[in-house]
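Here the structure is laid out as structure tokens; the discussion comes afterwards.
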Amino acid sequence: MRMRVGSARMRRLTVLVAVVAVVLSPLTACASLPESSAPEALGTLNREPTPEGPPPPVANRDPDLLLRDFLQATADPANRHLAARQYMTPAASTQWDDAAGTVIVEKPDTLRESRSGDKATYKIRARKVGELAADGGYRPSDDIVIVENKIELTKVDGEWRIDELPDGVVMDSTAFFKSYRRYVLYFIDPSGNTTVPDLRWFSVPKGQLTQRLLGSLLEGPQPALASVLRNELAPPVTLRGPITKINGDPEGVGIGLGGVKIDFAGASALNPRERELLAAQVVLTLSGADILGPYVLLADGKPLDERFAASGWSVADVQQFSPGASTRSQAGLHALRGGALVQVTDSGSAPTPGYFGRVNNLQSAALSPDGQLVAAVAEAGRPAGEPSRALMVGTYGGNAFPVAEGFTITRPSWTADGSAAWAVLDGGRVIRAVHDRATGNVSVQDVDISALTAASSAMAPRLPITELRISRYGVRAAMIADGKVYVAVVVPQPDGKLSLTSALPVGVGLSTTAVSVDWLDADTIIIAREGNVDPVSTVSVDGSEPTPLTSQNLTAPVRSVSASPDHQYVADSRAVLELTTAPAPDQGQPYWREVPGLGANALPVLPG
């Protein structure tokens, strides 16, 4: 059985569809009732207890231990960080501005500078690992930044309390990941055909989560994505009245099987397609947060779509807009072996028909998602001093022709619709080989990367770019620049061309040079790097949740990685291997299993 790394999200959606189906069975029966009837909820399960407020500081705590407790308490943002304010004097609590910024640190030290009588001065010193924006966006720290905050303490009624501290929140990373959870907001891609994930981190009680997520949708995408993505839940469309269960109860919305009922003011002016996209944003966002439907969506008091007036919307009704809906390809696994493209099947491998299967000089290759087109980097056979590589584009099983040349060319990467193959020439020139399906012509367009190279931050990418992979929805690009991994945003320009901007460093904890990267799913990338300690890992597009994958059966160095939500392949020093789950009695333990018959110098090739 193959292991589907990173597919927990899809499994969760499957479970949600099943649960919604159970809920909808009795609701659908309401369709024959009079039109004035409304779907009724089955009730509410697992109602949350009424919170009694955060626990007070431990009595008789020494200053250094009190500060460590304080750094844990700052991870609770409720009531303007009331939990943390309990560790302060009334004056300090009044003056402290918790909205000045949020810094996440690891392994903080509390260093005493002075202590006498009822006064003490300490310094909190820790390495910064990231920042949390006011909108919940996470940004990792690529540099080694040491945070030092001076804290003054005094005794109040015999207990140590913080009397002076800098504005802003500093929290321990362990407390952050315990208190906060990653959620995904969905916005619309420029084509209007799919949704794009926008990751946020919130610490919110389940009963308040629906309101928080919808409020965040109303606020729009994060700044880096704001100029690229569409948002149907934006003024003049807004929330109308309270969010309730489908029986009208405003308490405990999102807990258990009560469903959700939302009325959108201004939505009656939207056309049918826009209404469908609005529903997709809302349903995918809520269902991904384990807020179960049915989702009764109204436009100015009337059904958003009459088709779902009786039963409400379900995940299945908007699944076609999920960013993972178009990732399945029938082309299957291919490989480069001996400089030629071969197709891999259960019975073995064989050269593909046409140009790409006949030659023996290919260095890398990529198939369009529909398997109809191929882009490959070939040895040009030129004399020394002349460009030694050519980017070849052609049809699968047909002929090919060169569209660009360079001394180095990265592995090509196709867009989801197969309209363009991206590559990087000589480490600094990003191009798109744009294919016109009507005429068969291919034109080369340069992609503007000046916003990346002109950035003054120490975290900005440095040339050369040795790998670039376009996300399946076309809005982000994962790349390796100077051995480090970044995720940039693809921004359309007024002249119709594209640019790469807002590069975010991810995989910042890697201790060796990255050599290959690919998209695992819509919000996760997979990285191969030098060395034999955790050479393959995954990380979210916001740089959070780095996760090493098993290295069982891998032989360093790992040279390349090629992935989809269903299959992950690497090429190491001896073979092409697939990530697989062991059978019984060790079921569930992943390991890398060799794909037979390809040999030591082969490279895996998946569509994309």
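The values are calculated or read from the model by the stated rules, or taken from the named source; none is laboratory data. Just so we're clear, the structure is a prediction, and the values are computed from it rather than from any experiment. Cβ atoms come from the backbone with ideal geometry, glycine included; neighbour counts cover every protein chain shown. Note: areas computed on protein heavy atoms with side chains; ligands, DNA, RNA excluded. Shrake-Rupley method; radii C 1.70, N 1.55, O 1.52, S 1.80 Å.
Do you know the relative contact order of segment 47-133, to the nearest whole percent, from alpha carbon pairs under 8 angstrom that are 6+ apart? Please report the intermediate quantities before stating the final value.
Working: 88 pairs, mean separation 20.1, N = 87.
Value for segment 47-133: 23 percent.
If the only charges are +1 at each Lys and Arg Cβ and -1 at each Asp and Glu Cβ, what is the size of the charge dipole of the chain around the Cα centre, to the nearest 20 debye?
With only Lys, Arg, Asp and Glu charged at Cβ, the dipole is about 900 debye.
Tilt of helix 63-73 relative to the longest C-alpha principal axis of the chain, in degrees (0 to 90, nearest 10)?
The helix 63-73 is inclined about 60 degrees to the chain.
List residues of segment 490-526, by number, whose backbone nitrogen lies under 13 Å from a label position 7 Å along Cα→C-beta of Ser419.
492-493, 496-498
Tell me, Kirkwood radius of segment 301-432 from alpha-carbon pair distances, in Å?
For segment 301-432, inverting the mean 1/r across all distinct Cα pairs yields 17.0 Å.
Per 0.36 nm of contour for each residue apart, how much would the distance between Asn601 and Gln372 grow if the chain were fully extended, relative to their Cα-Cα spacing?
Between Asn601 and Gln372, full extension yields 79.9 nm more.
Please report, as a whole percent, how much of the solvent-accessible surface of the chain comes from carbon and sulfur atoms (probe radius 1.4 Å).
The computed percentage sits at 50.
Taking square-rooted eigenvalues a ≥ b ≥ c of the alpha carbon gyration tensor, is segment 182-258 rounded, prolate or oblate, where a/c under 1.5 means rounded and, failing that, a/b exceeding b/c means prolate?
Here segment 182-258 falls in the prolate category.
At 1.306 mPa s and 10 °C, plugging the Kirkwood radius over alpha-carbon pairs of segment 450-608 into Stokes-Einstein gives what diffusion coefficient in µm²/s?
Estimated diffusion coefficient is 97 µm²/s.
Please work out the Cα center distance from segment 80-153 to segment 502-531, rounded to the nearest Å.
30 Å
To the nearest 0.05, how large is the calculated FRET efficiency for Asn553 and Leu218 if R₀ is 56 Å and r is the Cβ-Cβ distance?
Taking R0 as 56 Å, the efficiency between Asn553 and Leu218 is 0.70.
Using a Cα-Cα cut-off of under 12 Å, which aspartates and glutamates could be cross-linked to Lys155, ignoring same-chain neighbours fewer than 8 residues away?
Asp62, Asp118, Asp163
If one takes the longest principal axis of the Cα atoms in the chain, at what angle in degrees, from 0 to 90 and to the nearest 10, does the Cα axis of helix 272-288 lie?
70 degrees
Strictly over 21 Å apart at the Cα level, which of Lys261/Lys302; Lys128/Lys150; Lys128/Lys484; Lys107/Lys128; Lys178/Lys245; Lys206/Lys302 would you flag in this model?
Working: Lys261/Lys302 12 Å; Lys128/Lys150 16 Å; Lys128/Lys484 19 Å; Lys107/Lys128 10 Å; Lys178/Lys245 28 Å; Lys206/Lys302 28 Å.
Pairs exceeding 21 Å: Lys178/Lys245; Lys206/Lys302.
Let me know the longest stretch in the chain that avoids all GluC sites (Glu not before Pro) found in a DSSP loop with at most 12 other C-beta atoms within 10 Å.
Answer - 252-608.
I want to verify the translational diffusion coefficient of segment 47-168 in µm²/s; compute it with Stokes-Einstein, Rh as the Kirkwood radius over Cα pairs, at 4 °C and 1.567 mPa s.
85 µm²/s
If you stretched the chain out fully between Thr238 and Ala438, how much longer would it get, using 0.36 nm times the residue separation minus the C-alpha to C-alpha distance? Numbers along the way, then the final one.
Working: separation 200, 0.36 × 200 = 72.00 nm, distance 4.15 nm.
Value of the extension gain: 67.9 nm.
Using only Cα atoms and rounding to the nearest 10 degrees, what angle (0 to 90) does helix 8-28 make with the longest principal axis of the chain?
70 degrees
What ³J(HN,Hα) values, in whole Hz, does the Karplus curve 6.51 cos²θ - 1.76 cosθ + 1.60 give for segment 426-438 when θ = phi - 60°, with x put for Gly and Pro?
Listing the rounded values in order: 6, x, x, 10, 8, 10, 10, 8, 8, 9, 8, 5, 6 Hz.
Search the structure for amide H atoms under 5 Å from the amide H of Trp201, placed 1.01 Å from N in the peptide plane, and list their residues when 5 or more places away or on another chain.
When sequence neighbours closer than 5 places are left aside, the close amide H contacts are Gly137, Tyr138, Tyr183.
Expressed as a whole number of Å, what is the distance separating the alpha-carbon centroids of segment 413-485 and segment 212-268?
Computed from Cα coordinates, the inter-centre distance equals 35 Å.
What Kirkwood radius, in Å to one decimal, follows from the Cα pairs of segment 423-507?
Numbers: mean 1/r = 0.0749 Å⁻¹.
Here the Kirkwood hydrodynamic radius works out to 13.4 Å.
How many angstrom lie between the Cα centre of segment 552-606 and the Cα centre of segment 320-360?
Cα centroid to Cα centroid, the span is 16 Å.
Grab the beta carbon distance between Arg273 and Met459, set R0 = 41 Å, and tell me the FRET efficiency rounded to 0.05.
In this case the efficiency is close to 0.55.
Relative contact order of the chain, please, whole-number percent, based on alpha carbon pairs below 8 angstrom and at least 6 residues apart.
Dividing the mean separation by the residue count of the chain yields 11 percent.
Largest first and in whole Å, give the semi-axes of segment 358-397's equivalent ellipsoid, each being the square root of 5 times a Cα gyration tensor eigenvalue. Could the numbers behind the result be given before it?
Values: eigenvalues 107, 17, 10 Å².
After diagonalising the Cα gyration tensor, the semi-axes are 23, 9, 7 Å.
How high is the FRET efficiency between Ala100 and Arg127 when r is their beta carbon distance and R₀ equals 25 Å, given to the nearest 0.05?
So, using R0 = 25 Å, E works out to roughly 0.80.
Starting from the exponent 0.38 and prefactor 2.2 Å, build the expected Rg for the chain from its residue count and divide its actual Cα Rg by it.
1.07
Contour minus end-to-end for Asp109 and Ala78, with contour as 0.36 nm per residue of separation and end-to-end as the Cα-Cα distance?
Working: separation 31, 0.36 × 31 = 11.16 nm, distance 2.54 nm.
Computed gain between Asp109 and Ala78 is 8.6 nm.
Under a 1.4 Å probe, what is the accessible area of segment 229-350 per residue, stated in Å²?
Result: 37 Å² per residue.
When only Cα pairs under 8 Å and 6 or more residues apart are kept, what is the percent relative contact order across segment 243-327?
Here the relative contact order equals 30 percent.
Using a 1.4 angstrom probe, figure out how much accessible area segment 132-179 has per residue, in square angstrom, rounded to the nearest whole. Let's see the in-between values first.
Details: 2290 Å² over 48 residues.
Per residue, segment 132-179 has 48 Å² of solvent-accessible surface.
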